[in-house]
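The values are calculated or read from the model by the stated rules, or taken from the named source; none is laboratory data. These figures come from a predicted structure and were not determined experimentally. We place every Cβ from the backbone using ideal geometry, glycine too, and count neighbours over all the protein chains shown. Keep in mind that these areas ignore ligands, DNA and RNA; they rest on the heavy atoms of the full protein, side chains included. Shrake-Rupley method; radii C 1.70, N 1.55, O 1.52, S 1.80 Å.
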Amino acid sequence: MIVVSYVLCARQTTPEPSPVALLVQLFTVAVVLWVTHVRVRLLRVALVVLGIAVAGVAAVAILGLSGQGLALSLSVMSMGAYLIAPVAIVWHVLHRPLIDQQTLLAAISAYLLVGMFFTFVYNAISLVTSVPTFGDGQPNSLTSQLFFSFSTLTTTGYGNLVPVGSGLQTIAVFEAITGQLFLVIAVARVVSAWVPHRPGQADRKEAD
C-alpha cells in the first residue's frame, strides 16, 4: 500500500494532491495502526477520525470540488497521515523483543513514510506561498516535491532541485538529519539484534 501511495503521488504533475491518493493513504494508516497493536482507545479514536476523513474525501471526489483551500486541506490530511503511521511503526519496533524479517520490513516502511511526510510538508508550503518551491523555471509539482524529499532524506543531493527561501532550506536540513538519525538508530538496532528464523527453532524452544 505504501508503494501504491508513492506511485499515485509520483503521477501528480501539479501541486494539488489527489483525493484518490489520500484515500489510499488513510487506509494505509488504518492498517498500520491495526498491525502495530496500538492501544484500543487510541485505535478507536484514530479509526473514527480516519472514517470522517474518508467520508469527506469521498464526498469531494463525488462532487468534483476543487480550489486552493481544498488542495491545502488534502495536503494537511496527507501530512498528518504520514506522521502518525511511522511513529506507530517505530514505537512498535522499539518495544518488540524479537528482531526478525518483519521488524526489518517495518523499519523500511517507516523510512519510506517519513519521506512521504516531508513531501507533503513541502507541498503544503507550496500551496500557501506564491513563490515557486524550487525557483523559477523548475517544476512545482507533487512529483518534483516527492523526488526532492527522498533525495534529501537519503542525503543523495543531486542538486537539480534546490528549495527557495530559508524556511524551506531549514526543513530540508531537518529532513536530512532525520534520515541519518533514523538509519543510525532504527536500522542499526535491527541489524545488531537480528535473529534469523531457523527451521525447528520454535520447536526446540517449546521442547525446552
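Hey, any hits in the range 116-129 for a residue that's at pLDDT below 90, under 26 Å from Leu94 (Cα atoms), open to solvent by less than 20 Å² (accessible area, probe 1.4 Å) and assigned to a helix (DSSP H, G or I)? No, the range 116-129 contains no residue that is at pLDDT below 90, under 26 Å from Leu94 (Cα atoms), open to solvent by less than 20 Å² (accessible area, probe 1.4 Å) and assigned to a helix (DSSP H, G or I).
Yes or no, residue by residue, for (1) surrounded by 18 or more Cβ atoms within 10 Å (Cβ to Cβ); (2) at pLDDT 75 or above; (3) under 29 Å from Thr103 (Cα atoms); (4) more than 19 Å from the chain's Cα centre (by Cα):
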site: Leu26; (1), (2), (3), (4): yes, yes, yes, no
site: Leu33; (1), (2), (3), (4): yes, yes, yes, no
site: Val40; (1), (2), (3), (4): no, no, yes, yes
site: Ile52; (1), (2), (3), (4): no, no, no, yes
site: Gly64; (1), (2), (3), (4): no, no, no, yes
site: Met79; (1), (2), (3), (4): yes, yes, yes, no
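Within the range 13-24, being open to solvent by 40 Å² or more (accessible area, probe 1.4 Å) and part of a loop (DSSP other than H, G, I, E, B) holds for Thr13, Thr14, Glu16. A count restricted to the range 138-196 and to residues that are at pLDDT 85 or above, over 18 Å from the mean Cα position of the chain (by Cα), in a helix (DSSP H, G or I) and surrounded by 15 or more Cβ atoms within 10 Å (Cβ to Cβ) stands at 1.
When the criteria are applied in full, Val48 fails the requirement of being of a type outside the set (Asp, Glu), at pLDDT 80 or above and open to solvent by 80 Å² or more (accessible area, probe 1.4 Å).
For Val93, which of the numbered conditions (1) open to solvent by 80 Å² or more (accessible area, probe 1.4 Å); (2) modelled with pLDDT under 75; (3) part of a helix (DSSP H, G or I) fails to hold? Here Val93 meets the rest and fails (1).
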